[in-house]
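Please read the structure below before turning to the comments.
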Amino acid sequence: MEFLKPDCRATLREGLDELYRFAPEVAEVSERKGKSFRDHDLTHVLFGCDTSLKGEILLKPWILFGTTITLDEIKAYQRDPEVQRLNQEGVDMLGGRIKAYLLAFVYFTPLFFWIWVRRVRRMSAKWPHSEVSEAMLDTPLDELRRTYRIELYH
């Protein structure tokens, strides 16, 4: 997908459309669930993370520390039955709870910390998670990434 490339000239809106073309199941859930899911999908595009299990995990430090998301928004999102189902699928894909916790401890926690230190902390400002304007949607991704000093992790 083009939005995964650091120098992508597509707008944020076009990147979201591309994500939805390549992952129609994501588009369907977001259409059904509304704004909070769309806001989440926009972060996938902006921060260059696909919707695979690894992409979801790589997105976490960006969302938690590189956006203006509130604790209430995080709690509401995590309480959603669809999110809980997807989280359980992720645990199952990793081989169950014990393996998932082990992988989280050994692999994902250090990676999370590295992304936070080497990428997220270098941002010039936090992304306005729930307040994305029409103008932002129509801005090329490479320009948004330059403005916010977002260096994609690949």
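The values are calculated or read from the model by the stated rules, or taken from the named source; none is laboratory data. Not measured: the values here are computed from a predicted model. Using ideal geometry, Cβ is built from the backbone for each residue, glycine included, and neighbour counts are taken over all protein chains shown. SASA here: full protein model, heavy atoms, side chains in, ligands and nucleic acids out. Shrake-Rupley method; radii C 1.70, N 1.55, O 1.52, S 1.80 Å.
So, R0 is 25 Å and r is the distance between the beta-carbons of Gln84 and Arg121; what FRET efficiency does that work out to, to 0.05?
About 0.25, to the nearest 0.05.
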Anisotropy class of segment 61-116 from Cα gyration tensor, a/c 1.5 cut: oblate
Probe 1.4 Å, protein heavy atoms only - accessible area per residue of segment 71-154 in square angstrom: 67 Å²
Dimensionless Rg/Rh of the chain - Kirkwood Rh, Rg from C-alpha atoms: 0.95
Residues with amide H under 5 Å from that of Thr11, placed H, sequence gap 5 or more: Leu141
Cα gyration tensor shape for segment 102-153, rounded if a/c is under 1.5, else prolate or oblate: prolate
Thr67 long-range amide H proximity, modeled H, under 5 Å: Trp127
Sequence-separation-based contact order of the chain, relative, with Cα cut under 8 Å and 6+ spacing, percent: 37 percent
Euclidean distance between Cα centres, segment 121-149 to segment 12-34, Å: 19 Å
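Which percent of the accessible heavy-atom area of the chain goes to carbon and sulfur, probe 1.4 angstrom?
Working: 5190 of 8830 Å².
Ligands and nucleic acids excluded, carbon and sulfur reach 59 percent.
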